[in-house]
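Working notes, beginning with the structure itself.
What follows draws every value from the coordinates through simple rules; no lab data is involved. Note that the structure is a prediction, hence the values are computed from the model and not measured. Note that we place each Cβ from the backbone using ideal geometry, even for glycine, and neighbour counts take in every protein chain shown.
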Amino acid sequence: MARSLDVSARLISFFGVWLIGCLILFGSWGAIANAEESEAKHPEAGSTAIPDLLIGSAQQDITPPTGFPMSGYFHERLATETSDPLFAKAMVIEQGDTTVVWVVCDLVGVTRDLYEVVSRKSESLHGIPAENHILSATHSHTAPDYKAHLVRHLRGELETDESESQDSPYATKLVDGIVGAIGEAISNKRSSKIVAGNATQTVPVSFNRRSVMKDGSIRTWQGESNSDRLHAAGPIDDQLGLVAVVDSKSGRPFTICSSYALHLDTVGGTRWSADYPALMQRAVAENFGEDVLSIFGAGTCGDINHSDPSRKERNSCEFIGHALGETLVEEVRSMLSKSIETSSEPSPQLKYRHAVVPLPLQTLTKQKIARAKALVPRAREGEKIDFEDLVAANRDVQLDRLRNDPSWIDDDDPANVSPMIAWQGIGDRLPVEVSTITLGDELAMVFLPGEVFVDLGLAIKRHSPFKTTLVIELSNCVETAYLPTHAAYAQGSYEVINSRTKPGSGEKLVAAALSLLRSAAADDAPAKYETLSELTAR
């Protein structure tokens with residue numbers, strides 16, 4: 001009997017130990033599972049997990065009414081009709097606490113006044129810091145000359161002007177259209193992946209428009225029919241930079257960004273037109289879906305246009321748009337097919353870098369100002385003025401306004417060709433901005449002000465530590481006008497005459513861009529802001 005009780009006690013003890021062990025084991029598994037779930041929802045500080053990349057895009061129509069002034073040339077044109085609508089196209093990129101806005105407008109340029117009113121209004125409405133906004137222009141020469149109109153609107157003068165239409169002024173449509181596109185893009189954000197690359201544009205559509213002449217001078221817009229022309233004074237950039245933004249869930253692209261170095265002056269006339277990017281949008285819609293947005297950023301094309309020096313006929317807008325559209329479609333299809341193999345990779349880290357780079361403005365003399373005051377009104381009255389003299393006169397009026405805030409220019413003065421508010425009387429340096437958006441080590445997008453010579457953009461691409469680098473000009477201000485290379489300043493001709501900053505300014509932008517790219521490649525900080533004033537002393 002005692003032996004039976006002893007065996008029973010041992011069995012009870014064994015099963016008790018076994019049960020406790022099971023409870024401990026299952027409890028451990030549950031704790032591990034709960035810990036993993038908690039970690040997935042709330043990564044610990046210092047975790048290497050990268051949040052989802054959220055991207056949204058949208059567009060809004062910013063076409064002015066007929067009768068509104070057109071930009072692009074040194075004489076007045078009033079629009080008579082619309083060939084194709086003008087748009088503001090926005091893309092919003094968000095990861096964690098960092099959000100960046102990029103908007104491309106079918107405009108000849110983004111004035112500082114337009115940039116500031118849009119970025120501040122967007123910040124107020126959407127909570128995205130103003131300095132995290134990048135506004136670029138395509139440089140269409142069949143877009144509105146809105147500068148004076150916007151200045152009057154910002155001063156509140158249009159609302160009380162009986163000569164204005166009873167409808168809201170165009171400036172309201174322009175600002176609200178850009179800000180509205182940003183808001184729609186924010187609403188459209190979704191988990192996204194990016195695929196980036198470059199295509200070589202084999203069909204010749206771009207040409208360096210500066211030529212070396214037999215006497216050693218440089219002249220712009222010279223064909224081979226001129227026996228004194230020797231050869232092009234510089235290169236072209238035949239790379240079409242591409243970024244396909246793909247919906248992570250559906251695997252379909254919903255936005256395709258591109259950049260190419262070629263002046264948008266292929267249409268002419270008095271009809272509103274977005275120029276050849278409108279045909280690229282058509283190619284994207286026909287091949288990837290009507291809902292897929294094409295966003296085109298102008299590459300560094302300050303000395304590049306569409307006129308083949310060997311031919312009398314210029315390449316048409318249709319020819320250029322179809323050629324670039326075909327290249328885009330073919331390369332994006334190839335990029336997307338290759339990306340299927342890496343579709344499970346984690347999101348690349350978004351990094352934003354922003355720098356203010358003070359560029360020295362050219363100096364002025366009283367004689368230059370007096371000459372400009374006399375020439376500009378005569379040209380406006382229809383008198384034939386030497387083209388380069390007229391370009392120089394317009395330059396000097398704007399320089400005087402930037403440097404000195406002159407009292408002699410008022411709204412009714414016939415020499416008032418450069419109305420402005422934000423940078424009037426800014427001083428002897430222009431505080432332009434250089435920005436970069438990078439995603440992992442795959443993609444860098446560099447944004448520069450003004451009309452930049454192609455050599456400068458090529459230098460940035462050549463030294464960039466990222467696999468694909470797009471360099472986009474005419475961002476956040478147009479007041480610099482042309483930004484030639486240092487060597488080009490010594491050679492002269494149209495672009496040099498039509499510049500505002502001193503020699504070496506373009507190289508300062510290159511140095512700033514490369515500094516930001518190095519920071520993005522080596523520093524894990526998602527966003528950094530600085531003033532690179534030391535570059536002005538180099």
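At-a-glance table
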{"quantity": "Distance violations [Cα-Cα > 32 Å] among LYS368/LYS528; LYS147/LYS467; LYS89/LYS384; LYS193/LYS528", "calculated": "LYS368/LYS528; LYS147/LYS467; LYS89/LYS384"}
{"quantity": "Given charges at beta-carbon only (K, R positive; D, E negative), |dipole| of the chain in Debye", "calculated": "1180"}
{"quantity": "Among 56-62, 522-528, 332-338, 345-351, the order from most to least packed when residues are scored by Cβ within 10 Å on average", "calculated": "56-62, 345-351, 332-338, 522-528"}
{"quantity": "Least to most buried among LEU458, LEU240 (fewest other Cβ within 10 Å first)", "calculated": "LEU458, LEU240"}
{"quantity": "The chain - convex hull of alpha carbons, volume per residue in Å³", "calculated": "193"}
{"quantity": "Extension gain (nm, one decimal) between ARG371 and LYS338, 0.36 nm per residue minus Cα-Cα", "calculated": "5.8 nm"}
{"quantity": "Packing-based ranking, highest mean first, of 498-509, 473-484, 146-157 given that Cβ atoms within 10 Å are counted", "calculated": "473-484, 498-509, 146-157"}
{"quantity": "MRE, 222 nm, helices only [DSSP H, n ≥ 4, -39500 (n - 2.57), over the chain, to nearest 500]", "calculated": "-11500 deg cm²/dmol"}
{"quantity": "Ranked packing of 88-101, 248-261, 361-374, 422-435, most packed first, by mean Cβ within 10 Å", "calculated": "88-101, 248-261, 422-435, 361-374"}
{"quantity": "Which of CYS257, ASN287, SER273, positive extreme of dipole for the stretch 227-311 (C-beta unit charges)", "calculated": "ASN287"}
{"quantity": "Inter-label distance, nm, simple model (7 Å from Cα along the C-beta direction), THR202/ASP215", "calculated": "4.3"}
{"quantity": "Over the chain, relative contact order from alpha-carbon pairs under 8 Å, at least 6 apart, %", "calculated": "16"}
{"quantity": "Extension gain from ASP405 to HIS463, taking 0.36 nm per residue of separation minus the Cα-Cα distance", "calculated": "17.0 nm"}
{"quantity": "Backbone N within the stretch 82-99 under 19 Å of label point (7 Å from GLU318 Cα along the Cβ vector)", "calculated": "82-85"}
